[in-house]
Amino acid sequence: MLTPAQLLTGYARGVFPMAESADDDRLYWFDPPMRGVLPVGGVHVARSLRRDLRRGGWSAHLDGDFATVVAACADRETTWINAPLADLYQALHGAGHAHAIEIRHDGAFAGGLFGVTLGGAFFGESMVSARENGSRMALWWLSTHLKRCGFTLFDTQFLTPHLARMGGIEIPRKTYHTRLTAALRRKADIRAAPMPSAEMLAAQP
C-alpha cells in the first residue's frame, strides 16, 4: 500500500498516481511525455466570466471542507480517484500538503478543486463544477492566490480543452522536470496570504 510519504516522493520526482476506476484498489504511476501547466497568476479570463463575477454572489474558501471537495471531484461516472487514493489525499491534507478551494455562489457550493503542494509547486489533481463557471472560478481564484503566496508552478498533469481556454499549455517532460526542480527549491505557503476577495479578483487587469 502506498504511503503519504511515498506519494510526496513521487510528486517530487515528477510522477503522479491514478487508479483505473473507483472499483479498482490498485494505483499506477504516470509520467506523461507532455505535461499540462497553467500560468501562475496569469490565467486567461473570458469577458463572460468577468461579467459573472461582477454580478456578485461569488466567494472562494481555502480548506473549508477538503473531504467534500475530493468526494465531489470523484462523484462522476468514470473517475480515477479510488478509496485508497482519497484516503492518501486526506492524510496529506492533515499533514499540510493537500488543499482544496471551494467556490460558493450565494452561499451554495458552486465548484472547486484540490491538489498537493511541495515547495513552490501546486499539483492540481481534480476540479468540479456544481453550477456554470464553478470550476473556471476556482482556477482563476487559485492561480491568483498561488502567485500571492510565492508559487511558481501550477501543474495540471494533462491539458484539456477547458484548461487550454484558460491559458494552459503542454510542455515536454524534460522542461517540466526542470521547472519542477526550480519550484521545489522555493519556500511557498498557500496560507501566506488570505484568499483574494471577489472585488480584488474583479479589479485585476
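Rule-based calculations on the coordinates, nothing more; no lab input. As the structure is a prediction and not an experimental result, all values here were calculated from the model. Neighbour counts run over all protein chains shown; Cβ positions are idealised from the backbone, glycine included.
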Give the long-range amide H neighbours of residue 98: residues separated by 5 or more places, or on another chain, with amide H under 5 Å away, using H modelled in the peptide plane at 1.01 Å from N.
93, 117
Rounded to whole Å, √(5λ) for the Cα gyration tensor eigenvalues of the chain, largest first, gives 25, 20, 16
Can you pull out the trypsin sites (Lys or Arg not before Pro) in the range 52-128 whose DSSP state is coil and whose Cβ has at most 12 other Cβ atoms within 10 Å?
55, 76
Using only Cα atoms, tell me the angle between helix 83-94 and the longest principal axis of the chain; keep it within 0 to 90° and round to the nearest 10.
70 degrees
Within the range 1-40, trypsin sites (Lys or Arg not before Pro) in DSSP loop having at most 16 other beta-carbon neighbours inside 10 Å
13, 26
With everything on Cα atoms, drop me the angle between helix 173-184 and the longest principal axis of the chain, reported from 0 to 90° to the nearest 10.
70 degrees
Mind pulling the angle between the C-alpha long axis of helix 134-148 and the longest principal axis of the chain? Nearest 10 degrees, somewhere in 0 to 90.
80 degrees
